[in-house]
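Step one of this worksheet: look at the structure below.
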Amino acid sequence: MLVENSVAKRIPESEFEAIEAAVRLHPAGCTARRIALDAGPDLPFRTLQYRLKSLVEAGRLVKEGMGRGSRYRLPATTERTEAQETGGDAGDDASMPLSEASVAIQNYLRQPLAARTPVGYDRGFLDSYRPNESAYLSARERAHLEAVGRPRMAEQPAGTYARRILDRLLIDLSWNSSRLEGNTYSLLDTRRLIRFGEEAEGRERLEAQMILNHKDAIEFLVGFDGDVGFNRYTILNLHAMLANNLLSDEAAAGRLRHIAVGIEGSAFLPLEMPQLIEECFDQVLATAAAIRDPFEQAFFFMVQLPYLQPFDDVNKRVSRLGANIPFIKANLCPLSFTDVPPSAYTEAVLGVYELNRIDLLKDVFIWAYERSAASYAAVRHSVGEPDPFRLRHRDALREVVARIVREGMDERAAYGHIASEAEARVGQADREAFRDLAERELLGLHEGNFARHGITPAEFEAWRRRRTAAPR
């Protein structure tokens, strides 16, 4: 708790959380001016200074330095402090605290390939895991992730939170997941590609394809029809979307592997028998589906799916997006891999492949989730609570607007369609409100929000051109 006085008690807790979220974006510390920029314009700078003082006094922030050069950072927990003392660092621009075990994994993997022991797939690594008895994440780690990742919102149907931030999630996760595969698109390039269909000049076509595949896959997961989960339908189709137009064998998209594969730069040799691959694939899904804790569920999938290598390629991408399934279903902040250095992620996965050691991947997972949750905290404070009427009629609204766009209806036909659908789908007491909402949704449709109706960029562009060309 904060300082025990009547003034502090009247300050909304959300203000303190927004400040902590802004500080969390800068693990090495940041100035009050930087916090003011990240926390948003609603908090006057003088008020921010008082809030910072209260947070420091309560031990929720650490202040370093004096005057204008003072920097603020989050206090390290005992576990993270011990990790920092080992000297672990993820490299690049972001400092990632690593445990002693993680540093040992890095040291082993940084030996020449010839000095590392060739190893094959160990079925026992999967067989030894018992859902809700075994645990890759400790109870303390799971509780910490729940605390940073749970939005303050009333209980809502599965997928509500992800749909509320869908426009942001499409760009963040598509860019970061593609970046971890060596994609050279910038964040701005990715935004333009997703929102306007504009490919960046001087880049390979496959890079645009990779990002657009992510967009399709994320929309598939966030669309959440009740069948999405750790099952063959979801994971095979997720692979088909992510691998679309990227594999030499087009039939391999969404199909389990029938060929032998190797891992570049690794001493790991994946399974080769198709029957055994399928058997282990089904076991990974059944085990993941049985895990009750969403964070343990997500991390288990990130460990075991790439280790099995069930597909010809694109396995890690499937694991990263698949890890978001429990977060979407539980209305938790998604995992968008914000700021994760590619080298740290690659070594973390190789640590699982060659050593069956999860320590480094766990450090990456926890740090990545903390960063992702912090980046969505500002969005969380700005979106507010959802309109219950809109939420109740979400599916009907989505279908009505999508049909108008896809069929290129003119204004008169569109309003007639809305009226007839309202009569067919909605009770009499709600019809007028539904018509008003659908008409406002249609009038407010633009390049930044059409995806939430399941409309493709090509469909939206064709509709926009017809609408612009139509006589007034």
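Miscellaneous remarks
- Of all lysines in the structure, those lying under 17 Å Cα to Cα from K53, and not within fewer than 8 positions of it along the same chain, are K9, K63.
- The residues neighbouring G408, those whose beta-carbon lies less than 11 Å from its own, together hold a net charge of +3 under the Lys/Arg +1, Asp/Glu -1 convention.
- Packing-based ranking, highest mean first, of 291-303, 402-414, 11-23 given that Cβ atoms within 10 Å are counted: 291-303, 11-23, 402-414
- For region 206-291, average projected area of the Cα convex hull in nm²: 6.9 nm²
- Ignoring lysines fewer than eight residues from K362 along the same chain, the ones with Cα atoms less than 19 angstrom from its Cα are K316.
- Environment charge of D249, counting only residues whose C-beta is closer than 14 Å and scoring Lys/Arg +1, Asp/Glu -1: -1
- Mean separation of Cα contacts under 8 Å (6+ apart) over length of the chain, as relative contact order %: 18 percent
- On the principal axes of its alpha-carbon atoms, region 388-469 has extents of 36, 24, 16 Å, going from largest to smallest.
- Amide hydrogen neighbours beyond the local backbone of L269, cut-off 5 Å, H modeled: V119, G120, Y121
- Solvent-free Debye scattering, log10 I(q)/I(0), computed from the Cα coordinates of the chain at q = 0.10, 0.12 Å⁻¹: -0.84, -1.16
- The residues packed around V148, meaning those with a beta-carbon under 9 Å from its beta-carbon, carry a net charge of 0 if Lys and Arg are +1 and Asp and Glu are -1.
Since every read-out is calculated from the coordinates, none of them should be taken as a lab result. Just so it is clear, the model here is predicted, and its values are computed rather than measured. Here the Cβ is made from the backbone with ideal geometry for all residues, glycine too, and neighbour counts use every protein chain on show.
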